[in-house]
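Student: I have a structure I would like to understand better, so I am pasting it below and will then ask my questions one at a time.
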Amino acid sequence: MTLDDELDLIVGRRDRDDMQPTIDALLPLHAAHPEDARVLYEVGGAYDTAGQEDLARGFYEKALAAGLEGDLLRRCYLQYGSTLRNLGEYETSLEVFGTARAMFPGSPALGIFEAITLHAAGRPDAAVAALLELVVTHLDTPDVERYTPAIRGNAAHMRRLGEAAGHRP
C-alpha cells in the first residue's frame, strides 16, 4: 500500500465529530514522513476539524512550504485561510485568500471563504459584494444572466459603501 493509499484510507474513515482516532492514525505517518507535504496537510486538516486551529496552522504552513500541488494546494490554502480567520488573524487570512485566488481563479469555494473572512473582519459590504460577484461568475442560469449588469452594479456600489466607511476593498 502506498503512502497516498494509507492517507486516503485514514481520511476516508474519519468521523468529523470525533477526530482523535484520525489524528492518532496520522501521527505515526507523520513521524515516518515528517517532510511529506500531503502528510503535513492531512495532519493539519485533522487538527483543524478537531477545532485545534493553533496546531493546524503550523502543519498547513509546513505543507505549503513542502510543495503541495494541484487540488491539495488549493484545499490547503482554503483551510489555512479559514484557520487564520478562526484565530482572529483576518488580514493574514485575506492575504492567503488573495494568493490562492490568484493561483486558482476558477475556485468559487476560495471566494466564498474569503467572503466569510471579510464578514468576520467587520467588512460586510465587501463580503456581500464578493458573494454577488461569485453568483454572476459561477451561477450560469438565464435568470441570473439577465440581471448580471445589475448584480455587478450592486456589488460595485456595496464596495464603495465599504470604502466610504473606511474599509479596504
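Student: Just checking, does the range 29-37 include any residue being over 20 Å from residue 109 (Cα atoms), at pLDDT 95 or above and under 20 Å from the mean Cα position of the chain (by Cα)? Give the derivation first.
Tutor: Going through the range 29-37, the residues over 20 Å from residue 109 (Cα atoms) turn out to be 29-37.
Then keep just the ones that are at pLDDT 95 or above; that gives 29-37.
Adding the requirement that they be under 20 Å from the mean Cα position of the chain (by Cα) leaves 37.
Yes, there is a match, as at least one residue in the range 29-37 is over 20 Å from residue 109 (Cα atoms), at pLDDT 95 or above and under 20 Å from the mean Cα position of the chain (by Cα).
Student: Suppose we filter 102, 109 for residues that are part of a helix (DSSP H, G or I), open to solvent by less than 40 Å² (accessible area, probe 1.4 Å) and without any contact (Cβ under 8 Å) to a residue 60 or more places away in the chain; which single one remains? Even if it seems obvious, please write down each step before you answer.
Tutor: Numbers: 102 fails: open to solvent by less than 40 Å² (accessible area, probe 1.4 Å).
Among 102, 109, only 109 is part of a helix (DSSP H, G or I), open to solvent by less than 40 Å² (accessible area, probe 1.4 Å) and without any contact (Cβ under 8 Å) to a residue 60 or more places away in the chain.
Student: Could you please tell me which pairs satisfy a Cβ distance under 6 Å, a separation of 6+ or placement on different chains, a first residue in the range 147-161 that is closer than 19 Å to residue 122 by Cβ and modelled with pLDDT under 90, and a second residue that is surrounded by 13 or more Cβ atoms within 10 Å (Cβ to Cβ) and among the β-branched types (Val, Ile, Thr)?
Tutor: Filtered contacts from the range 147-161: 158/128.
Student: For the range 5-31, what are the residues that are surrounded by 11 or more Cβ atoms within 10 Å (Cβ to Cβ) and either touching a Phe, Trp or Tyr at 6+ places or on another chain (Cβ under 7 Å) or over 23 Å from residue 53 (Cβ atoms) (or both)?
Tutor: 6, 8, 9, 23
Student: If we keep just the residues of the range 123-144 that are modelled with pLDDT under 90 and among the acidic types (Asp, Glu), which is nearest to residue 88 (Cα to Cα)?
Tutor: Looking at the filtered set, the residue picked out is 140.
Student: Is it the case that residue 118 is surrounded by 15 or more Cβ atoms within 10 Å (Cβ to Cβ) and under 21 Å from residue 11 (Cβ atoms)? Even if it seems obvious, please write down each step before you answer.
Tutor: On the way: surrounded by 15 or more Cβ atoms within 10 Å (Cβ to Cβ): yes; under 21 Å from residue 11 (Cβ atoms): no.
The answer is no for residue 118.
For every residue, the table says whether it meets (1) of a type in the set (S, T, N, Q); (2) under 21 Å from residue 74 (Cβ atoms); (3) in a loop (DSSP other than H, G, I, E, B).
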site: 125; (1), (2), (3): no, no, no
site: 131; (1), (2), (3): no, yes, no
site: 137; (1), (2), (3): yes, yes, no
site: 143; (1), (2), (3): no, no, no
site: 151; (1), (2), (3): no, no, no
site: 156; (1), (2), (3): no, no, no
site: 163; (1), (2), (3): no, no, no
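Student: Going through 101, 57 one at a time, which residue ends up being more than 18 Å from residue 130 (Cα to Cα), modelled with pLDDT of 95 or more and not aliphatic (A, V, I, L, M)?
Tutor: Numbers: 101 fails: more than 18 Å from residue 130 (Cα to Cα).
On inspection, the qualifying residue turns out to be 57.
The values are calculated or read from the model by the stated rules, or taken from the named source; none is laboratory data. Not measured: the values here are computed from a predicted model. Please note: Cβ atoms are built from the backbone with ideal geometry, for glycine as well, and neighbour counts cover all protein chains shown. We work out accessible area using only protein heavy atoms, side chains counted, and drop any ligands, DNA or RNA first. Shrake-Rupley method; radii C 1.70, N 1.55, O 1.52, S 1.80 Å.
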